[in-house]
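For reference, the structure discussed in these notes is given below.
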Amino acid sequence: MKLHFQDVPIRVLDVIRTLQEHKHQAYLVGGCVRDMLMSVTPKDWDVCTDALPKRVMKYFLRTIPTGIDHGTITVNSGGEMVEVTTFRSESGFTDGRRPDEVEYEIDINADLLRRDFTMNAIAWDPIFNVLADPFDGQGDIERRVIRAVGDVNKRFKEDGLRCIRAIRFQTRMGFEIEPETHAAIGANLETFAKVSIERRQDEFFKILVMPNAQEGLIELCETGLLDHIHPMLSQNGCYTCLNNVKPTVEMRLAALFCSYANSYISDEDLLTPLKLPAKMEAFILTAREQKCVPGRLGPVADRDIRIWIRACGDIDANELLDMYAALTGESPNNFFRVRGLITQQPRKLALDGHEIKEELGLAKPGPLIGKATKMLWSLVLGDPNMNTPEMLRAALREYHE
Ligand code: ATP
Ligand code: MG
């Protein structure tokens, strides 16, 4: 288990070097050090320093004051975005979510003390090759153990989000959660419930899109956390459908919720515990409503499939098919005909509302237009070749008589 200078991108080293040239301490810290120790390529680079945020902004040409109030500046180092955070300690936490007070520190160990797990509380200065690992995070990584820094019950009471973070890291890395830390999850569910929906679901969604999301959900269910994210999901207990569908939040939620499609549970019951973008809600609701893909039910007329596609509205019917194919374990080839019909689907009528009104000889819009439009759609979905202005006009004349 070794940290290698050459594994750190040059642009990141530049940031550390610049801070050190100004007589400051600078370390890589948190997830990136943990990942490197596990021979995983870090996805982002966090630097911590004793330089105050305002100083950091002076030292670099391109900076963004991302979280200047709690000490974080994003430095754009030749295109590489590096988060630089001033050493800090936190205290208070009367609300179980965030510190009442943040204080800047000059000692790296004071900063590591506020971090959640020992494996995340390691700092490494790659220029002078200095390692700060006051809680034996390296030992825990070697033993594949997730352990809270300090008194776990105190730490989980400070910030309830740490409970679910433990499960997220366990699911991702397959580590064991040390028994006391594990027990503290169940003992601090109330604090977890106080954390904002956004922060809770952010961690939940990260688990939901993991390759082994199923295991993650079982763990969330058994610890009681899922009850405070989505009570309905914690009662279901069957998450095998997750393995089959693509790893996006929208597909995975839709897959989970489709298993309730024929039950008494309302759309609202499924959606209200979460805060989802409108587009994602629409996809999930359509997936539930349109669960019976006609192509799968044996010989169904093209017309019925076209009606199904139209009922999907703005939702990408191909995405829905992918999901159903995955859920049913059927080869997507079985949906070949449906896919063909999706590509050829008429998206609008060859006559617009104005033209329909004219053809009907109406002076102003009225309910007749709606009825006529419905009739035209019915024709066109039966035979898309009908969708020309001439044929639709002819149909309207006949309808009028
Ligand atoms: P990932 O690879 O998933 O980003 P990470 O360890 O980098 O994992 P982040 O959420 O990006 O996780 O947080 C960066 C670091 O900040 C963590 O490694 C940890 O040291 C610290 N940290 C983050 N959230 C908390 C928290 N709720 N309580 C204490 N420390 C935290
Ligand atoms: Mg990170």
| said: Whether any residue in the range 160-175 is more than 25 Å from PRO42 (Cα to Cα) and in contact (Cβ under 8 Å) with a residue 40 or more places away in the chain is what I want to check. | reply: yes
| remark: Among helices (runs of 4 or more DSSP H) entirely inside the range 314-375, those with 1 or more residues being touching a helix residue (DSSP H, G or I) at 6+ places or on another chain (Cβ under 8 Å), small (Gly, Ala, Ser) and open to solvent by 50 Å² or more (accessible area, probe 1.4 Å) are none
| task | Could you tell me whether any residue of the range 43-54 is surrounded by 17 or more Cβ atoms within 10 Å (Cβ to Cβ), of a type in the set (A, V, I, L, M) and within 12 Å of ligand 1 (Cβ to nearest atom)? | result | yes
| request: Starting from residues that are among the hydroxyl-bearing types (Ser, Thr, Tyr) and more than 16 Å from ligand 2 (Cβ to nearest atom), keep the ones in the range 42-73 and report whichever is farthest from TYR27 (Cα to Cα). | output: THR63
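Which of the residues spanning the range 74-83 are farther than 20 Å from ALA121 by Cα and within 16 Å of ligand 2 (Cβ to nearest atom)?
THR74, VAL75, GLU80, MET81
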| request: Please indicate, with yes or no, whether at least one residue in the range 202-218 is in contact (Cβ under 8 Å) with a residue 60 or more places away in the chain and not basic (Lys, Arg). | output: no
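Quick check: is even one residue across the range 86-93 away from ligand 1 (no atom under 12 Å from the Cβ) and more than 23 Å from GLY160 (Cα to Cα)?
Yes, some residue in the range 86-93 is away from ligand 1 (no atom under 12 Å from the Cβ) and more than 23 Å from GLY160 (Cα to Cα).
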| task | Answer yes or no as to whether ASP107 is open to solvent by 60 Å² or more (accessible area, probe 1.4 Å), in contact with a strand residue (DSSP E or B) (Cβ under 8 Å, 6 or more places away or on another chain) and away from ligand 2 (no atom under 16 Å from the Cβ). | result | no
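Got a sec? Which of GLY174, GLY79, GLY160 is within 12 Å of ligand 1 (Cβ to nearest atom) and not basic (Lys, Arg)?
GLY160
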| request: Considering each residue of the range 4-40, count those that are closer than 23 Å to MET119 by Cβ, open to solvent by 30 Å² or more (accessible area, probe 1.4 Å) and more than 16 Å from ligand 2 (Cβ to nearest atom), and give that number. | output: 6
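The values are calculated or read from the model by the stated rules, or taken from the named source; none is laboratory data. Since the model is a prediction, treat every value here as computed from it, not as a measurement. Methodologically, a virtual Cβ is constructed for each residue, glycine included, from the backbone with ideal geometry; neighbour enumeration extends over all protein chains shown. We work out accessible area using only protein heavy atoms, side chains counted, and drop any ligands, DNA or RNA first. Shrake-Rupley method; radii C 1.70, N 1.55, O 1.52, S 1.80 Å.
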